[in-house]
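Undergrad: Attaching a single structure in structure tokens format; questions to follow.
The values are calculated or read from the model by the stated rules, or taken from the named source; none is laboratory data. Because the structure is predicted, anything quoted here is derived from the model rather than measured. Reconstructed Cβ throughout: ideal geometry from the backbone, glycine too, with neighbour counts over all protein chains shown. Note: areas computed on protein heavy atoms with side chains; ligands, DNA, RNA excluded. Shrake-Rupley method; radii C 1.70, N 1.55, O 1.52, S 1.80 Å.
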Amino acid sequence: MAHDTTHQHGSATKRIWTVFAILSVVTIVEVVFGILKPAFLTDTFLLGMRLLNWIFIILTIYKAYYIAWAFMHLEHETKGLRRAIVWTSIFLISYLIFILLTEGGYIHDVYRSGHVAWDF
């Protein structure tokens, strides 16, 4: 019986280090891109936003999904529950990004056109 607990403990420790390594690599990539800001990523636009910003958004969503997968134990849940959580989150995050980009673009155009007073 003691052998089984040791094996499970070793497996859990390995799993934690694997999750730590994957999240660390993704975070390091984000930090390096944020510091270096490569010209080919900042000069390229995709759907009204710089490619570097899209990379940040995608990596952040990946980290959020992986954290939920590993620490909220979604990997052990049924397929239906996983899909319900993941698809709902993807929809809400996509909708939030759309709203922020649309409204942010509008505000930017208003300020760029010289509109100073806000009459509400």
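Undergrad: Give the residues of segment 62-92 that are aliphatic (A, V, I, L, M) and open to solvent by 60 Å² or more (accessible area, probe 1.4 Å), sorted by residue number.
TA: Residues satisfying the conditions are 67, 72, 81, 85, 90, 92.
Undergrad: OK, next. Conditions first: (1) exposed (fewer than 10 other Cβ atoms within 10 Å of the Cβ); (2) at pLDDT 90 or above. Residue 14 passes all but one, so which condition is the exception?
TA: (1)
Undergrad: Follow-up. Every residue in segment 21-65 that is part of a helix (DSSP H, G or I), of a type in the set (Ser, Thr, Tyr) and over 24 Å from residue 86 (Cα atoms), please.
TA: The one that is part of a helix (DSSP H, G or I), of a type in the set (Ser, Thr, Tyr) and over 24 Å from residue 86 (Cα atoms): 42.
Undergrad: Sticking with this one: Exactly one of (1) in contact with a strand residue (DSSP E or B) (Cβ under 7 Å, 6 or more places away or on another chain); (2) outside any helix (DSSP H, G or I); (3) not acidic (Asp, Glu) is unmet by residue 115. Its number?
TA: (1)
Undergrad: Which residue is nearest to residue 13 (Cα to Cα), if the candidates are limited to segment 26-48 and must be among the aromatic types (Phe, Trp, Tyr) and more than 18 Å from the chain's Cα centre (by Cα)?
TA: Checking each candidate, the answer is 40.
Undergrad: Moving to a separate point now. Quickly run through segment 21-44 and pick out the residues that are closer than 20 Å to residue 62 by Cβ, surrounded by 12 or more Cβ atoms within 10 Å (Cβ to Cβ) and touching a Leu at 6+ places or on another chain (Cβ under 9 Å).
TA: 26, 27, 29, 30, 33, 38, 41
Undergrad: Considering segment 49-61 alone, what residues qualify as being over 13 Å from the mean Cα position of the chain (by Cα) and open to solvent by 90 Å² or more (accessible area, probe 1.4 Å)?
TA: 50 - this is the single residue of segment 49-61 that is over 13 Å from the mean Cα position of the chain (by Cα) and open to solvent by 90 Å² or more (accessible area, probe 1.4 Å).
Undergrad: Taking segment 87-120 on its own, how many of its residues are at pLDDT below 85 and within 16 Å of residue 68 (Cβ to Cβ)?
TA: 1
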